[in-house]
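As C-alpha cells, the structure follows; a few thoughts come after it.
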Amino acid sequence: MAGFASVGAAPGASAEATVELPRRAFEIWDEATGSWSFVKGSYEIQVGRSITDRRITATINV
C-alpha cells in the first residue's frame, strides 16, 4: 500500500478521493550505491476497499 484516503457518500451518491503517492513508492533499494533509486516507467495502480476487494485498475507513467 502506497497511500490511502477515506470518503463518505450517502446511498446512491458518489464521492471523489485524491490519493497522493510518495516518490518512495517508485524507488528500489540499490545495493551498489547503498541508497534508494527512483525507477521511471509504467506502474499498475489498483484501488479498492481491501486487498481482496480491488475495484479500479489503472496504469500510470512516472
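Residues are listed down the side, and each one gets a yes or a no for (1) outside any strand (DSSP E or B); (2) modelled with pLDDT of 95 or more; (3) under 11 Å from Ala2 (Cβ atoms):
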| position | (1), (2), (3) |
| --- | --- |
| Ile28 | no, yes, no |
| Ser37 | no, yes, no |
| Ile45 | no, no, yes |
| Arg49 | no, no, no |
| Arg54 | no, no, no |
| Thr59 | no, yes, no |
Could you give every pair whose Cβ atoms fall below 7 Å, whose first residue belongs to the range 7-23 and is outside any loop (DSSP other than H, G, I, E, B), and whose second residue is at pLDDT below 90 and of a type in the set (Asp, Glu), counting only separations of at least 6 or pairs across chains?
none
Counting only residues that are hydroxyl-bearing (Ser, Thr, Tyr) and in contact with a strand residue (DSSP E or B) (Cβ under 7 Å, 6 or more places away or on another chain), which one in the range 4-49 is most open to solvent (accessible area, probe 1.4 Å)?
Ser42
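The values are calculated or read from the model by the stated rules, or taken from the named source; none is laboratory data. Keep in mind that this is a model prediction, so the values were computed, not measured. All Cβ positions, even for glycine, are placed from backbone atoms using ideal geometry, and neighbour counts span all protein chains on display. Just the protein is used for accessible areas: all its heavy atoms, side chains included, with ligands, DNA and RNA removed. Shrake-Rupley method; radii C 1.70, N 1.55, O 1.52, S 1.80 Å.
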